[in-house]
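The values are calculated or read from the model by the stated rules, or taken from the named source; none is laboratory data. Everything quoted here is computed from the prediction, not taken from an experiment. Every residue, glycine among them, receives a Cβ derived from its backbone with ideal geometry; neighbour counts consider all protein chains shown. Keep in mind that these areas ignore ligands, DNA and RNA; they rest on the heavy atoms of the full protein, side chains included. Shrake-Rupley method; radii C 1.70, N 1.55, O 1.52, S 1.80 Å.
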There are 2 protein chains.
Amino acid sequence: MNDDWLDQITWDRDGLVPVITQEQGSGDVLMFAWMNREALALTADKRQAVYWSRSRQRLWHKGEESGHFQQVHDIRLDCDNDVVLLSVTQLGHEPGIACHTGRHSCFFQRYQDGAWHSVEPVLQDPAAIYRK
Amino acid sequence: MNDDWLDQITWDRDGLVPVITQEQGSGDVLMFAWMNREALALTADKRQAVYWSRSRQRLWHKGEESGHFQQVHDIRLDCDNDVVLLSVTQLGHEPGIACHTGRHSCFFQRYQDGAWHSVEPVLQDPAAIYRK
């Protein structure tokens with residue numbers, strides 16, 4: 001297999017690249033995570049998002065516990081070859097739930113008047129999502 | 001001044017937080033950069049994006065050389081308190097140019113068939129943008 005496209009990425013000192021995941025259609029930024037070389041290769045191959053969990057130090061096939069898989073439509077790389085942008089459909093719930101808190105997007109805290117305010121609803125109780 | 005909102009952020013080992021910058025209206029992800037505590041405080045105060053340049057190790061008021069400032073409408077924080085999302089209007093050119101290559105977005109390389117392909121046009125010659 002040709003791995004030139006993986007070699008072209010500027011991996012950070014931990015061998016990772018930051019990844020922004022955006023919902024196709026709405027354009028909503030759903031989450032931010034990291035990939036190592038294997039995770040990105042798997043993502044391109046499966047057309048489903050596979051990240052590297054820094055907390056668990058292992059590959060993390062998004063949806064493996066929640067059923068909330070991400071179908072990948074487009075993989076982009078930035079001008080410095082060190083950030084990846086995914087365009088996805090967030091599967092498993094309508095509307096899609098990308099956040100472990102049961103919200104659509106991880107970016108639910110909004111800055112206003114010197115404080116962070118939670119401004120997005122919980123769509124499903126995390127206890128129900130991760131009951132398995 | 002109340003700095004609790006800055007204390008709530010989980011800064012990384014370099015004292016930085018990753019920042020995703022999205023265009024209001026189009027929803028396009030324009031760029032990815034970093035902020036330190038001072039940069040984020042300035043961004044909230046000025047309502048213009050101020051990043052921390054890791055390569056130059058100094059504050060970087062986006063647009064200071066190009067005139068392509070970013071008006072900030074919304075500042076979001078993710079569920080782990082360690083990633084920021086800005087909603088901006090990209091000023092100085094129509095359509096907006098966020099990338100130092102003269103393109104609208106930094107994410108102009110698209111993965112296809114085992115290679116990265118440049119799929120977005122250069123809107124303005126970088127030599128003209130940075131002639132000052």
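Annotations for the structure displayed:
- Residue pairs whose Cβ atoms lie under 6 Å apart, sitting 6 or more positions apart in sequence or on different chains, and linking a residue in region B:103-132 that is facing chain A (nearest Cβ under 8 Å) and within 22 Å of B:E23 (Cα to Cα) to a partner that is open to solvent by 60 Å² or more (accessible area, probe 1.4 Å) and of a type in the set (D, E), are B:R103/B:E120; B:F108/B:E120.
- Residue check for B:R103: crowded, with 16+ Cβ neighbours inside 10 Å, charged (D, E, K, R) and out of contact with any Lys or Arg (no Cβ under 8 Å at 6 or more places or on another chain): yes
- The set of residues in region A:15-58 that are touching a Pro at 6+ places or on another chain (Cβ under 8 Å) and closer than 18 Å to B:Q109 by Cβ contains only A:P18.
- Residues that are surrounded by 14 or more Cβ atoms within 10 Å (Cβ to Cβ) and more than 7 Å from chain A (Cβ to nearest Cβ) within region B:24-34 comprise B:Q24, B:S26, B:D28, B:L30, B:M31, B:A33, B:W34, listed in sequence order.
- Which numbered condition A:D12 fails, given (1) surrounded by 22 or more Cβ atoms within 10 Å (Cβ to Cβ); (2) within 21 Å of B:C106 (Cα to Cα); (3) of a type outside the set (S, T, N, Q); (4) more than 9 Å from every other protein chain (Cβ to nearest Cβ): (1)
- Within region A:34-66, the set of residues being within 17 Å of A:G92 (Cβ to Cβ) and free of Cβ contacts under 8 Å to residues at least 40 places away in the same chain comprises A:K46, A:R47, A:Q48, A:A49, A:V50, A:Y51, A:W60, A:H61, A:K62, A:G63, A:E64.
- For region A:36-50, filtered to residues that are open to solvent by 10 Å² or more (accessible area, probe 1.4 Å) and of a type in the set (S, T, N, Q), the residue that is nearest to A:P18 (Cα to Cα) is A:N36.
- Residue count for region B:35-50 under the criterion of being outside any loop (DSSP other than H, G, I, E, B) and more than 10 Å from chain A (Cβ to nearest Cβ): the result is 10.
- Filter result for A:A98 (within 30 Å of B:H73 (Cα to Cα), open to solvent by 30 Å² or more (accessible area, probe 1.4 Å), at pLDDT 95 or above and not hydroxyl-bearing (S, T, Y)): no
- Of everything in region B:106-122 that is open to solvent by 60 Å² or more (accessible area, probe 1.4 Å) and farther than 16 Å from B:V29 by Cβ, the residue that is farthest from the chain's Cα centre (by Cα) is B:D113.
- Inter-residue pairs, beta-carbon under 6 Å, first without any contact (Cβ under 8 Å) to a residue 40 or more places away in the chain and in region A:1-26, second open to solvent by 80 Å² or more (accessible area, probe 1.4 Å), 6+ apart: A:L6/A:R37
- Any hit, region A:16-24, residues being within 14 Å of A:C99 (Cα to Cα) and hydrophobic (A, V, I, L, M, F, W, C): yes
- Residue list for region A:51-95, filter: among the hydroxyl-bearing types (S, T, Y), surrounded by fewer than 15 Cβ atoms within 10 Å (Cβ to Cβ) and either outside any strand (DSSP E or B) or within 14 Å of another protein chain (Cβ to nearest Cβ) (or both): A:S53, A:S55
- The test for being open to solvent by 10 Å² or more (accessible area, probe 1.4 Å) and of a type in the set (V, I, T) does not hold for A:T21.
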